[in-house]
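Following: one structure in structure tokens, then a few remarks.
The values are calculated or read from the model by the stated rules, or taken from the named source; none is laboratory data. Only a predicted model underlies this, so the values are computations on that prediction, with no experimental measurement involved. Note that we place each Cβ from the backbone using ideal geometry, even for glycine, and neighbour counts take in every protein chain shown. Ligands, DNA and RNA are excluded from the accessible area calculation, which covers all protein heavy atoms including side chains. Shrake-Rupley method; radii C 1.70, N 1.55, O 1.52, S 1.80 Å.
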Amino acid sequence: MTSVSPRLPLAVCLSLLLISICSVAAAVEPSSWNQWRGPNRDGTINGEAAWPARLNGSLQVAWKVSLQPSYSGPVTVDGMVFTTETIDKQFERVSAYDLRTGEQTWERQWEGSMSVPFFAAANGDWIRSTPACVSGYLVVLGMRDVLVCLNTDTGEERWRVDFPAEHGSELQPFGAASSPLIHNGSVYVQVGAGLAKLSLETGQVQWKVLGGGADMSSKGAFSSPTIATIAGLEQLLVQTREELCGVSLQDGGVLWKEPIEAFRGMNILTPLPVKDAIFTAAHSGKSQLFDLGRDGDSWTVDERWNQKTQGYMSSPVLVGDHIYLHLKNERFTCLSVEDGSIQWTSSPVGKYWSMVQNKDRLLSLSADGKLRLIAASPEEYNVIDEKDVAEDSWAHLAVVTVDDSPMILVRALNSLTAYRWNIP
């Protein structure tokens with residue numbers, strides 16, 4: 001606390017005291033990365049200070065913990081970070097850590113593992129859905145379509161919904177992969193039973209839509225839903241294994257839908273809203289931008305453009321008038337929103353990466369553990385700096401602000417590491 005001299009004028013003393021209190025408050029409240037792809041669910045950091053100019057020389061390990069396998073990205077709220085594990089191919093575990101120190105606060109686990117088909121075994125059979133949280137509530141979707149809500153402070157279970165047992169749905173062939181969403185006191189999640197809305201407080205299921213799927217290429221969902229206001233109406237943007245859809249938040253009514261071509265239903269990336277348009281790209285399909293229009297309850301979906309680039313597992317980000325997308329062929333590309341023209345395409349950069357953007361900078365984490373700081377420019381692919389931070393990191397990276405400095409959370413397959421990113 002600032003020392004206040006009794007010889008200073010009272011107004012000055014009070015000002016110094018107020019500055020001190022505000023500084024302490026700012027230090028106590030780190031920013032949050034509370035769900036899949038961050039606060040806005042689009043990989044964008046808003047209102048944060050510019051990132052440091054380099055990775056090497058300014059990125060330092062704050063703490064690290066060893067863990068069992070998971071593909072879930074870490075999430076944070078109220079100065080705590082949460083991550084998942086699959087234990088001994090039998091249990092699913094959630095752990096909470098202090099964001100600044102890495103000290104474990106609590107852990108909870110339950111039976112919940114499953115094996116994926118043999119041809120997908122190379123990608124693992126451990127928990128993969130990223131949890132979602134707000135103050136007091138952490139929602140976790142396990143491999144077997146069991147949705148569990150925990151108290152963020154204590155880890156105590158608030159409620160759980162076993163969709164196969166309670167709603168008669170079949171297990172998803174590859175396990176649950178879609179990440180839940182919390183919005184205005186409700187939870188939205190894509191499971192084998194379809195897209196469901198639940199009460200955050202009680203777990204009561206309020207509606208289910210877009211269910212079905214007759215075989216391994218159409219059951220369940222890989223993509224995670226998001227929310228956007230399109231043509232003046234706030235709605236869920238949902239990608240099933242076969243279609244891109246807009247869904248009413250209130251009653252689950254399907255407002256519009258559009259077939260999406262994909263190899264064996266591999267519609268994986270999260271749809272990207274671009275004003276009143278939506279971008280998507282699919283494995284062995286194509287990149288497409290759709291313009292949406294509305295006349296009362298009637299919707300139109302018109303393809304503005306499509307072109308040959310094929311996305312796969314990595315969700316894109318939007319910077320200005322350009323879309324930055326990691327491709328199935330392991331390259332990275334920049335596309336014009338206006339006409340879909342390819343501005344540039346990189347050489348191979350890895351099988352998968354997660355990506356975050358802040359102003360004119362991109363931060364990507366590839367599956368081989370390489371962190372890249374990239375200029376968000378349509379002129380050229382420009383890697384400003386890069387650093388190896390893990391060996392196997394399929395989970396989505398998280399970036400938060402702690403004590404006025406960026407902190408990067410890297411969930412490798414068998415560890416969670418917090419990096420302080422300080423200006424040298």
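Of note:
- Checking each residue in the range 276-299 for being of a type in the set (Ser, Thr, Tyr) and free of Cβ contacts under 8 Å to residues at least 40 places away in the same chain picks out only Ser298.
- Yes/no for Ala120 being small (Gly, Ala, Ser) and surrounded by fewer than 16 Cβ atoms within 10 Å (Cβ to Cβ): yes
- Evaluation of Ile342 against the conditions (1) within 17 Å of Ala228 (Cβ to Cβ); (2) aliphatic (A, V, I, L, M); (3) without any contact (Cβ under 8 Å) to a residue 60 or more places away in the chain; (4) open to solvent by 20 Å² or more (accessible area, probe 1.4 Å) shows that the sole unmet condition is (1).
- When each of Gly194, Gly175, Gly211 is tested for being of a type outside the set (A, V, I, L, M), out of contact with any Cys (no Cβ under 8 Å at 6 or more places or on another chain) and open to solvent by 10 Å² or more (accessible area, probe 1.4 Å), the lone residue that passes is Gly211.
- Conditions (1) under 21 Å from the mean Cα position of the chain (by Cα); (2) in contact (Cβ under 8 Å) with a residue 24 or more places away in the chain; (3) in a strand (DSSP E or B); (4) surrounded by fewer than 23 Cβ atoms within 10 Å (Cβ to Cβ); number of the one not met by Glu234: (2)
- Selection from the range 303-333 of residues that are farther than 21 Å from Pro225 by Cα and either of a type in the set (Gly, Ala, Ser) or assigned to a strand (DSSP E or B) (or both): Arg304, Trp305, Asn306, Gln307, Gly320, His322, Phe332, Thr333
- Applying a threshold of 7 Å to beta carbon distances and a minimum spacing of six or more residues, or different chains, the list of pairs starting in the range 403-422 at a residue that is touching a residue at least 24 places away in the same chain (Cβ under 8 Å) and ending at one that is of a type in the set (Asp, Glu) and open to solvent by 30 Å² or more (accessible area, probe 1.4 Å) reads Ala412/Glu391; Ala412/Asp392; Leu413/Asp392.
- Pair list, Cβ < 6 Å and 6+ apart or interchain, from the range 91-110 residues that are open to solvent by 70 Å² or more (accessible area, probe 1.4 Å) and at pLDDT 95 or above to residues that are among the aromatic types (Phe, Trp, Tyr) and in a strand (DSSP E or B): Gln104/Tyr97; Gln109/Phe91
- Among the residues of the range 249-275, those identified as in a loop (DSSP other than H, G, I, E, B) and either buried (at least 18 other Cβ atoms within 10 Å of the Cβ) or touching a residue at least 40 places away in the same chain (Cβ under 8 Å) (or both) are Leu249, Asp251, Gly252, Gly253, Ile260, Ala262, Met266, Asn267, Ile268, Leu269, Thr270, Pro271.
- Of the residues making up the range 77-90, those that are among the aliphatic types (A, V, I, L, M) and either under 19 Å from the mean Cα position of the chain (by Cα) or open to solvent by 20 Å² or more (accessible area, probe 1.4 Å) (or both) are Val77, Met80, Val81.
- Options Ser377, Ser347, Ser354; residue that is open to solvent by 70 Å² or more (accessible area, probe 1.4 Å), touching a residue at least 12 places away in the same chain (Cβ under 8 Å), more than 20 Å from Ala262 (Cβ to Cβ) and not β-branched (Val, Ile, Thr): Ser347
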